[in-house]
Amino acid sequence: MGRGLQILSIALAMFVGSECQSITVSPPYDILYVIAPSAFNLSCNHITESNSGSDIEWKKDGAKITEETKHSTISGDKKKTVLNIVKSSSSAADAGTYDCVESPSGTKFSITVVVAKVNSNDVEFKRSMGSVKLECETEGTSFPTNYTVTWEREHQPITTLEDYEEKYTVNNTMPYHILEIKNAERADAGAYQCVFDFSSHANGSKVSQKVSVTANLFASPLIRRFEKSKNLIQRDRLELKCGVYGHPLGNITWSKDGVVLAANGRIEFKPGSGLDNGILEIEHVEFEDKGTYMCLASSMRYNTTANSTILVRVKDKLAALWPFLGIVAEVVILCIIIFIYEKKRSKEDPADNDETDVKSGSANANEANEVRQRNVRA
């Protein structure tokens, strides 16, 4: 009898253990760090026998949560239940310990949510404004201390930028985390992120959680000027890049001779300057593509526009040969004229010789007659 109870106890322990292993919580951290008002989600996944009768529920600080969403599926003899908590915006009231509890066993998996507060500033760009300081200030004495802060521009670490050492200075002195942009220009406008890297644990291993807060350097749009004109030969490739500065970038439109262009089989728009259509490209230009092209940038934030134009000329692909062919034609015509002249002259030369001989004979005869007359008088 004792032996049978022992076997039953072992089997029961194995069963309970397998049930425990069937629950997973996502994200898998022991502590989830959230910076208000960011969103966060908690998910509890439960897999069990379809006829087991077990279920799961979320509790916060011991109290049942009513705003959870449940989704269950049955595949064969397995039942999968997913229980989600979705917070589209967080506040201090969302902080606490969340437990995914299985019934009737009472097995639970816990995750602690820490909601912190960070205040950031936005700056409007002005000409000759000098240096700009973007700040992220932690709020409250209970703010976690197990973190480091780095800065990014458009989610790219500023330490990877070419002008990092000359352009940026970082000062992290709690509670202030400051990024200084030296001699700020319109090209420096954009969204900057102060990234908090919290140390935590997941499944017994040390991990890091990165949470970012945005500080903006706003600027009205400005387009880098095109060159005045571009000369192309038929079937050449045309590429126009619209260099837009400002933040937010807004939208750009392309036009030719006042008519808005749309992508078709010949005209393509490609990403550039942070915009989906920042580059206009025509693989093989034709005469019909010549004209004045304009890139127009608009900003709803500033209710203003900026533009730049360029004149595109398209020449015949044989245009380079025309000067050479003209010279050849001139030489040929000159040779023909010389040939005709020489041929005509050669025909006139025999008659001229006969006339010269006749004139010479007459002159000699006259001279002889004059000699005779002098002798007779004598």
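FYI, it's all coordinate maths here, none of it is from the lab. Note that the coordinates shown come from a computational prediction; the quantities given were computed from them, not determined experimentally. Here Cβ is always computed from backbone atoms with ideal geometry, including for glycine, and neighbour counts include all displayed protein chains.
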Margin query: Quick check for me: using +1 on Lys/Arg Cβ and -1 on Asp/Glu Cβ, what's the dipole size of the range 171-298 about its Cα centre, in debye to the nearest 20?
Written below: 220
Check: What distance in nm separates the simple spin-label points at Thr69 and Ser43, each placed 7 Å from Cα in the Cβ direction?
Finding: 1.2
Note to self: Just to be sure I understand: with springs between alpha-carbon atoms less than 10 Å apart, which residue in Val114, Val328, Val101 has the highest mean-square fluctuation in the Gaussian network model of the chain?
What the structure shows: Val328
Note to self: Highest mean first, how do 329-339, 264-274 rank when packing is the count of other Cβ atoms within 10 Å averaged over residues?
What the structure shows: 264-274, 329-339
Margin query: Counting other beta carbons within 10 Å of each residue's own, what order do Ser131, Ser90 fall into, fewest first?
Written below: Ser131, Ser90
Notebook entry, point to check: What FRET efficiency would be calculated for the residue pair Glu165, Lys80, taking the C-beta separation as r and a Förster radius of 45 Å, to the nearest 0.05?
Noted result: 0.25
Check: Which value at 222 nm does the chain reach when only helices count, each DSSP H run of 4 or more adding -39,500 (n - 2.57), with the total divided by all residues and rounded to the nearest 500 deg cm²/dmol?
Finding: -7500 deg cm²/dmol
Next item on the list: Provide the gained length on full extension for the span Ile336 to Asn172, in nm with one decimal, where the gain is 0.36 nm per separating residue minus the Cα-Cα distance.
Entry: 50.2 nm
Next item on the list: Compute the FRET efficiency between Lys228 and Ala329 as 1/(1 + (r/R0)^6), taking r as their Cβ-Cβ distance and R0 = 45 Å, and round to the nearest 0.05.
Entry: 0.85
Checklist line | Glu283-Lys206 pseudo-label distance in nm [points 7 Å out on the Cα-to-Cβ vector] | finding: 5.5
Item checked: Footprinting exposure proxy for Arg235, Arg127, Arg153 (fewest neighbouring C-beta atoms within 10 Å first) -> Arg127, Arg235, Arg153
Next item on the list: For each of Phe324, Phe40, count neighbouring Cβ atoms within 10 Å of the residue's Cβ, then give the residues from fewest to most.
Entry: Phe324, Phe40
Check: Rounded to the nearest 0.05, what FRET efficiency do Thr141 and Ser298 have when you use their Cβ-Cβ distance and R0 = 56 Å?
Finding: 0.75
